Amino acid sequence: MTTLPLKTFARTLHAWQHRLAYAITGFVLFSVSVWGYTIAKISEQHAEQVLFTLSHTADNTEQQSIVSLLAKHNGIIDIYYPNTGINIPIRPNVWLNWTRLSSKHQLSNGQAVQIRYLVLSGRHIILLTSALCSFWLIAMLAVWFAGHKTEQRVFSLERKARRLYQGRRPESHPKNETIFDILENLLDELTQARQEQNKVDKFIRVQTFLDPQTGIGNRVFFENRLEALLNIEEQVEQGSVIGIRLNDFERLEEKDATAAQELIGQFSQIVGQSLKRFPDAIFARYSRHDFAVLLTNVPLRDLEQLCKHLLRSLSHIRVPAPLDPDSFYHIGVATFKSGDQLTQVLLEADMALRSAQLQGSSNWFMYQETDRAKTMTMGSLQWRTLIEKTLMQQGLILYFQSVMQTQPRQTHHQEVLVRMRDNDGKILKAGLFMPMAHKCGLVKQIDKQVISKLFRLFEQDNNSQVACSVNLSADSITDKEFKAWFLAKLAEQPEHAKRLIIEITEHILVSHSDELSLFLQQLDKINVRILVDQVGQYVISSDYIKAHPVSYLKLHASIVRNIQSKSENQLFIRSLQGTCASTSIKIFAFGLETEAEWQTLKRLNVSGAQGEFFNPPEANLLMPDNHH
């Protein structure tokens with residue numbers, strides 16, 4: 001290629017066309033030569049066999065008997081006596097026939113004889129030549145057409161690449177770069193643009209949902225999450241809001257901003273450390289001097305222990321003057337359940353804070369809930385006994401809720417929701433018993449039983465092709481034994497893989513990205529799709545979208561709730577769509593409850609949604625392609 005005067009890849013196609021034409025011609029000639037040689041050898045062997053038979057015949061001196069004997073063989077043209085030069089025709093020799101003369105053989109009377117035999121008839125030679133020429137011509141036309149099309153596409157690609165690169169070429173780069181250099185530079189720019197898109201996406205999340213001083217959630221972030229929990233029944237059976245107020249903090253900010261910043265840093269670090277044993281806790285700065293913690297499905301005794309631990313830990317903060325270290329902070333606790341009003345929960349938390357302040361020194365106070373869920377008072381031993389009994393009896397119940405796609409409006413897939421009964425026969429949601437199962441180390445057994453039950457349902461209704469999504473916990477997908485079991489289960493029943501969607505929480509996927517990489521690739525190879533749910537619950541990077549074989553994203557309910565009036569949440573979705581622009585990932589919404597939310601999501605080009613607006617979870621397998 002270096003000897004060519006033309007520089008670009010597109011122009012070298014002419015040379016490659018000629019080389020390919022020569023190669024095809026050489027292949028045809030080689031094939032014909034090998035085939036002709038083979039036919040000639042076969043014919044020669046046949047002629048030699050005929051002469052051998054003739055030479056061992058008793059009556060081989062009579063000319064008439066020789067002619068009669070040779071006439072029985074179709075391929076014999078004539079007999080030739082080399083000693084006398086006599087040639088006796090057996091059958092006519094047509095023009096273009098390919099004939100050959102055999103070697104000499106001695107008859108019984110000592111006379112030498114040869115025969116002229118037919119290798120290939122003229123008719124077959126004409127037919128073969130026509131076929132070979134047609135093949136060669138068709139091959140040449142195909143090469144020319146493919147080369148012409150490729151040349152047009154490469155020339156078009158080159159023109160586009162040069163136009164894109166022309167205005168952005170660094171001064172240090174040469175002016176007459178090859179197309180390969182240009183494409184390499186453009187690919188580098190594309191990679192950089194994707195990285196910048198991820199940075200922009202994270203920047204939007206940070207600016208919208210984080211407090212700039214502490215880096216924790218802000219008021220919008222906290223109220224979005226709390227409102228979602230109050231309106232989405234699946235999320236929580238009972239929750240708690242812990243309010244922490246820093247008294248006279250504004251005075252310290254006015255007097256010494258640096259000391260105030262250091263104090264806030266100490267405070268945030270201590271509270272964050274105290275919440276580490278509650279992985280789903282939400283910690284946010286509600287105002288300049290108010291902080292809030294949101295917990296779900298935490299037993300009351302654990303809640304009381306947390307408040308006491310916070311009191312002890314916060315007492316170690318170095319409180320500067322003019323603040324009073326003995327009454328610097330107060331803690332108020334309010335409990336809630338799904339269906340409560342946001343304003344009522346926040347009012348109860350504020351009342352609890354004021355009650356704690358009335359006690360004078362730093363203290364905590366819990367607003368008493370008269371209608372307290374009995375299951376929340378159960379201890380760890382009671383929970384373990386109940387869950388183990390349910391697992392032993394195969395007592396987990398599978399509910400299903402449809403995820404509807406936008407266009408056309410029909411079921412895209414169904415999410416599997418796990419239930420179990422308590423000792424009184426009451427149905428318990430997963431949000432209530434799964435945290436206790438995690439605490440008791442029983443989550444992996446629950447996930448195994450759910451998958452096994454779902455596969456049995458697939459077998460019972462094998463005519464349907466509707467997919468089902470199953471949530472897998474962090475305990476399961478990070479456990480080698482569970483992953484081996486799951487892959488073996490899919491290998492035994494590969495027909496179920498195409499109907500299975502695995503849901504993984506965004507926070508878990510980001511936290512265990514490297515550990516999950518191989519497992520997710522293995523699932524992708526056997527056609528199991530990956531759905532990342534609770535997207536937007538935490539302010540984290542979206543790099544995982546390009547790092548893993550993700551098929552779907554599902555927005556957290558806090559992003560969807562009242563989205564028609566929350567421009568910051570709409571901006572978040574737009575940013576997420578920009579990140580997914582170069583992929584085939586579909587974005588679904590969770591927690592849809594109103595027509596206004598649905599119309600807004602359709603306007604934002606979200607692929608579909610799930611929620612009470614369409615249908616509540618049902619305790620049966622909705623396999624038909626239901627239209628709503």
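The values are calculated or read from the model by the stated rules, or taken from the named source; none is laboratory data. Everything quoted here is computed from the prediction, not taken from an experiment. Positions of Cβ are generated from backbone atoms using ideal geometry, with glycine treated the same way; all protein chains shown enter the neighbour counts. With ligands, DNA and RNA removed, areas are computed over all heavy atoms of the protein, side chains included. Shrake-Rupley method; radii C 1.70, N 1.55, O 1.52, S 1.80 Å.
Enumerate the helices (runs of 4 or more DSSP H) found wholly within segment 537-613, keeping only those where 2 or more residues are in contact with a helix residue (DSSP H, G or I) (Cβ under 6 Å, 6 or more places away or on another chain), crowded, with 20+ Cβ neighbours inside 10 Å and among the aliphatic types (A, V, I, L, M).
In segment 537-613, 557-560 are the helices (runs of 4 or more DSSP H) which contain 2 or more residues that are in contact with a helix residue (DSSP H, G or I) (Cβ under 6 Å, 6 or more places away or on another chain), crowded, with 20+ Cβ neighbours inside 10 Å and among the aliphatic types (A, V, I, L, M).
Confirm whether Ala488 is open to solvent by 10 Å² or more (accessible area, probe 1.4 Å), small (Gly, Ala, Ser) and more than 17 Å from Ala430 (Cβ to Cβ).
In short, yes.
Conditions (1) among the β-branched types (Val, Ile, Thr); (2) not in a helix (DSSP H, G or I), marked per residue:
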site: Val298; (1), (2): yes, yes
site: Asp302; (1), (2): no, no
site: Leu310; (1), (2): no, no
site: Ser313; (1), (2): no, no
site: Ala321; (1), (2): no, yes
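Is one or more of the residues making up segment 221-230 modelled with pLDDT of 75 or more, open to solvent by 10 Å² or more (accessible area, probe 1.4 Å) and either in contact with a His (Cβ under 9 Å, 6 or more places away or on another chain) or of a type in the set (S, T, N, Q) (or both)?
The answer is no, given that none of the residues of segment 221-230 is modelled with pLDDT of 75 or more, open to solvent by 10 Å² or more (accessible area, probe 1.4 Å) and either in contact with a His (Cβ under 9 Å, 6 or more places away or on another chain) or of a type in the set (S, T, N, Q) (or both).
When residues of segment 497-536 are filtered for being in a loop (DSSP other than H, G, I, E, B) and either in contact with an Asp or Glu (Cβ under 6 Å, 6 or more places away or on another chain) or open to solvent by 10 Å² or more (accessible area, probe 1.4 Å) (or both), how many remain?
Number satisfying all stated conditions: 3.
If a residue must be without any contact (Cβ under 8 Å) to a residue 40 or more places away in the chain, over 20 Å from Glu254 (Cβ atoms) and among the basic types (Lys, Arg), how many such residues does segment 282-337 contain? Even if it seems obvious, please write down each step before you answer.
Taking segment 282-337 as the starting set, the residues that turn out to be without any contact (Cβ under 8 Å) to a residue 40 or more places away in the chain are 288, 302, 305, 309, 312, 321, 325-326.
Narrowing the set further to residues that are over 20 Å from Glu254 (Cβ atoms) leaves 302, 305, 309, 312, 326.
Still in the list and also among the basic types (Lys, Arg): 312.
Looking only at that region, the number is 1.
For segment 116-126, state whether one or more residues are over 30 Å from Leu54 (Cβ atoms) and polar (S, T, N, Q). Let's see the steps before the verdict.
Here is the first cut: in segment 116-126, the residues over 30 Å from Leu54 (Cβ atoms) are 126.
Retained after the next criterion (residues that are polar (S, T, N, Q)): none.
No, every residue in segment 116-126 fails to be over 30 Å from Leu54 (Cβ atoms) and polar (S, T, N, Q).
Of all residues in segment 471-482, count the ones that are open to solvent by 30 Å² or more (accessible area, probe 1.4 Å) and either in a helix (DSSP H, G or I) or free of Cβ contacts under 8 Å to residues at least 12 places away in the same chain (or both).
Step one: list which residues in segment 471-482 are open to solvent by 30 Å² or more (accessible area, probe 1.4 Å), which gives 471, 475, 478-481.
Checking which are either in a helix (DSSP H, G or I) or free of Cβ contacts under 8 Å to residues at least 12 places away in the same chain (or both) leaves us with 475, 480-481.
Residues in segment 471-482 being open to solvent by 30 Å² or more (accessible area, probe 1.4 Å) and either in a helix (DSSP H, G or I) or free of Cβ contacts under 8 Å to residues at least 12 places away in the same chain (or both): 3 in total.
Within segment 437-462, which residues are aliphatic (A, V, I, L, M) and either open to solvent by 10 Å² or more (accessible area, probe 1.4 Å) or at positive phi (or both)?
Residue satisfying the conditions is Leu457 alone.
Identify all residues within segment 100-138 that are open to solvent by 80 Å² or more (accessible area, probe 1.4 Å) and without any contact (Cβ under 8 Å) to a residue 40 or more places away in the chain; write none if there are none.
Lys104, Arg123, His124, Ile126, Leu127, Leu137, Ile138
Is it the case, given these coordinates, that Ile270 is out of contact with any Leu (no Cβ under 7 Å at 6 or more places or on another chain) and part of a helix (DSSP H, G or I)?
For Ile270, the condition - out of contact with any Leu (no Cβ under 7 Å at 6 or more places or on another chain) and part of a helix (DSSP H, G or I) - is not met.
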